[in-house]
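Okay, structure first, notes after.
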Amino acid sequence: MQLLHHVIADNATKYPTKSAIVLDGITTPYQVLQQHADDVASLLQTVGIATDDRVGLYSAISVELIAAYLAILQVGAITAATHHTLSREKLVHQLKDSGTRVLITDCTEGLPDLIEEVGLELILLTGPVFAAAPKVIRLADAIASYRDQNAPAAMPLVIDSEQPTSIFYTSGSSFNPKGVLVNHRIMLAACSRVTEYLQIKPDDRILSYSTLGSDYGVYNVVMPLFAGATSVIESRPASTADDVLAVVEREAVTAMHVFPPVFSLLANAGPEWQVRVPSLRYISSSGQALHVRQIQQVRNVLPRVKLFSSYGLTECKRVSYLPPGQIDERPTSVGKPLPGISICLVDEQGRAIDQPGQIGELLVTSDYLMLEYWNMPEANAKAFVHDAFGHSRMFRTGDLFKQDAQGYLYYVARKDDVFARNIWMVNPLEIEQCLAAHPAVAEVLVVPVADESAGHVPRACIVLAAGHDQTSEQALLDHCKARLDWHMVPTHFVFLEALPRTDSGKFTTQGLI
């Protein structure tokens, strides 16, 4: 069976001079990327990295880092990535949790202390800066020395498709995120299924704002390579629609894989962009709900561009997608399950829900469902339902959904996000959708605030749209009162310059509660 790195190596043979990566406008051909990966693989074998060893990644996105990721797959080791903006404390925790032996990083501060605290055997530095210290080697220098010595190439390994490839840490708000363990079979199946429904072809040039610090970032980088296409990556986050579309224009981008915050920027694009980006054929968004008004605005600006709204999670890459032809009729739906995905909605007693419109927790299984949470037996025991609903193993997503009579799924809320106001249950997403429909609201998040009499009440945190800075709290309050039940109406409004985001680019309530 071909493994993920085999498919990419084959594409390097087919398309040697074709652009594999375009990072901040700088192009790396397939043959160059593959040679980098082969060199790093040889080096890793030389320093003793073997099957099942964990190699940590803590670095901004770079071609060196992408090549290192592919090299780690080649030698049968397991990647354990920490987002490069996370604190030293979180880095140490995740390195210890994963049992990392070697760290690949562009960080140069306090490396001797990090080696001692974690018990690292080696640090390989990417980038031009070198910090001389025992057990610290600049990756490029090590490869150059390896070549000068005419050292042998990496020894080809027979790696089983069940061999783990990566520990993807979730982006939850807890200090100790869960490590999602996946293998070659899972990554291949996920790449195959998603590239198939998006119809990604070798001539595609796919834009993302990705790092390798999360599963979403890794797949955004490797899926185009899997299809023989070009992965266009911008390392700096966009702040305006023009920032995004200027890259699309410059690089003749044909597709975009982005989180809703980038999609919301596009809602403010000017009409001239319709003729300036004729190459763009689709935008795929996942991670959070899209707002109806913003969908309509993007459709008005870019009417020929297909919009894919979807739902997935770290534990099961992509669960459902909405065909673009349904986006106007069902703008709040995340579509139907992909082929090979089985789902079930259950009530609070764990009984299957079979009535359209009823809300329940989504259970899911597929051939690319994660293996388990890394080193977390108690979490694993809670995460899975065994021998139920016709399946040997189903994953509890913790997400509430409803399904219509035609089988389309509608995200309702995270179970943990719904809170009580007196005896009434408040769903923040419903309030957010209401406020997002107001023309003055560019971005919104709703959070619970402790209240002595009610338990909790909703607070709306709002970024106003350009030209609407005079909009009053009362106007937004009246808008909510006219459309929501009384207990859903926010009691507080906070106006911000920008909403906080996770390291991977999604909106987050951290710092707002």
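Starting from the Cα of THR46, move 7 Å in the Cα-to-Cβ direction to define the label point; list residues of region 72-106 whose amide nitrogen is under 19 Å from there.
Output list for this probe position: 72-77, 102-105.
Using a 10 Å cut-off on Cβ atoms, rank the peptides 184-196, 235-247 from the highest mean neighbour count down.
Numbers: 184-196: 20.9, 235-247: 16.1.
Answer by packing, highest mean first, reads 184-196, 235-247.
With only Lys, Arg, Asp and Glu charged, each at its Cβ (+1 for the first two, -1 for the last two), find how big the charge dipole of the chain is about the Cα centre; round to the nearest 20 debye.
Numbers: 40 positive and 55 negative charges, 196 e Å.
In total the dipole reaches around 940 debye.
If you average the alpha carbon positions of region 263-327 and of region 1-23, how far apart do those two centres end up, in angstrom?
28
Which of [x] 170; [y] 158; [z] 243 is the computed volume of the Cα convex hull per residue in Å³ for the structure on display?
Matching the structure shown: [y].
Per q in 0.14, 0.19 Å⁻¹, report the Debye log10 I(q)/I(0) for region 344-398, using one uniform scatterer on each alpha carbon and no solvent.
The Cα Debye sum returns log10 ratios of -0.39, -0.68.
Multiplying the sequence separation of ARG393 and GLN355 by 0.36 nm and subtracting their Cα-Cα distance, what value in nm do you get?
Working: separation 38, 0.36 × 38 = 13.68 nm, distance 2.32 nm.
Extending this stretch completely gives an extra 11.4 nm.
In whole percent, and with a 1.4 Å probe on the protein chains, what portion of the accessible area of the chain is carbon and sulfur? Don't jump to the answer; show the numbers that get you there.
Numbers: 10940 of 21560 Å².
Of the solvent-accessible surface of the chain, carbon and sulfur hold 51 percent.
Using each residue's phi in region 334-350, evaluate 6.51 cos²θ - 1.76 cosθ + 1.60 at θ = phi - 60° and report the 3J(HN,Hα) Karplus result to the nearest Hz, with x for Gly and Pro.
Result, rounded to whole Hz: 9, x, 10, x, 5, x, x, 9, 10, 10, 7, 9, 10, 7, 5, 8, x.
Taking square-rooted eigenvalues a ≥ b ≥ c of the alpha carbon gyration tensor, is region 427-513 rounded, prolate or oblate, where a/c under 1.5 means rounded and, failing that, a/b exceeding b/c means prolate?
On the way: a/c = 1.74, a/b = 1.08, b/c = 1.62.
Oblate shape, in that a/c is at least 1.5 and b/c is the bigger or equal ratio.
Evaluate 2.2 N^0.38 Å with N set to the residue count of region 353-511, then give the Cα radius of gyration divided by it.
Details: Rg = 18.8 Å, N = 159, 2.2 N^0.38 = 15.1 Å.
That works out to 1.24 for region 353-511.
For region 345-443, what does the alpha-carbon gyration tensor say about shape, rounded, prolate or oblate, given a ≥ b ≥ c as the root eigenvalues, a/c under 1.5 as rounded, and a/b over b/c as prolate?
Details: a/c = 1.96, a/b = 1.66, b/c = 1.18.
Prolate, since a/c reaches 1.5 and a/b exceeds b/c.
Considering only the other residues whose Cβ falls under 13 Å of the Cβ of THR195, what net charge follows from Lys and Arg at +1 and Asp and Glu at -1? Write down the numbers at each step before the final one.
Details: positive: ARG193, LYS201, LYS317, ARG318; negative: GLU196, ASP204.
Residues near THR195 contribute +2 overall.
Defining a contact as two alpha carbons under 8 Å apart and six or more residues distant in sequence, what relative contact order in percent does region 72-166 show? Provide the component values of the computation, followed by the final result.
Working: 89 pairs, mean separation 30.8, N = 95.
Worked out over region 72-166, it gives 32 percent.
Given H placed 1.01 Å from N in the peptide plane, which residues other than close sequence neighbours of TRP424 have an amide H under 5 Å from its amide H?
Correct list: empty.
Of LYS18/LYS317; LYS201/LYS306; LYS306/LYS336; LYS317/LYS402; LYS178/LYS201; LYS481/LYS506, which pairs sit farther than 23 Å apart, going by alpha carbon to alpha carbon? Walk me through the numbers on the way to the answer.
Working: LYS18/LYS317 28 Å; LYS201/LYS306 16 Å; LYS306/LYS336 17 Å; LYS317/LYS402 20 Å; LYS178/LYS201 34 Å; LYS481/LYS506 28 Å.
Flagged as over cut-off: LYS18/LYS317; LYS178/LYS201; LYS481/LYS506.
What percent do you get for the relative contact order of the chain when only Cα pairs under 8 Å and 6+ apart count?
Working: 1026 pairs, mean separation 51.8, N = 513.
So the answer I get is 10 percent.
Show me, for region 62-76, the HN-Hα J-couplings you get by feeding each phi into the Karplus relation (A = 6.51, B = -1.76, C = 1.60, θ = phi - 60°), rounded to Hz, glycine and proline as x.
Result, rounded to whole Hz: 7, 5, 4, 5, 4, 4, 5, 4, 5, 5, 4, 5, 4, 8, x.
Normalised by the number of residues in region 253-344, what is the relative contact order in percent for Cα pairs under 8 Å and 6+ residues apart? Present the calculation step by step, with values, prior to reporting the outcome.
Working: 142 pairs, mean separation 22.5, N = 92.
Dividing the mean separation by the residue count of region 253-344 yields 24 percent.
Could you calculate the contour length gain from GLU109 to LYS481, that is, 0.36 nm times the residue separation minus the distance between their Cα atoms, to one decimal place in nm? Could you put the intermediate results ahead of the total?
Values: separation 372, 0.36 × 372 = 133.92 nm, distance 5.27 nm.
Extra length available between GLU109 and LYS481 comes to 128.7 nm.
The values are calculated or read from the model by the stated rules, or taken from the named source; none is laboratory data. This one's a predicted model, so the numbers in the text were calculated from it and none came from an experiment. Quick reminder, even Gly has a Cβ in these numbers, built from the backbone with ideal geometry, and neighbours come from all protein chains shown. Areas reflect the complete protein model, heavy atoms only, side chains present, ligands, DNA and RNA absent. Shrake-Rupley method; radii C 1.70, N 1.55, O 1.52, S 1.80 Å.
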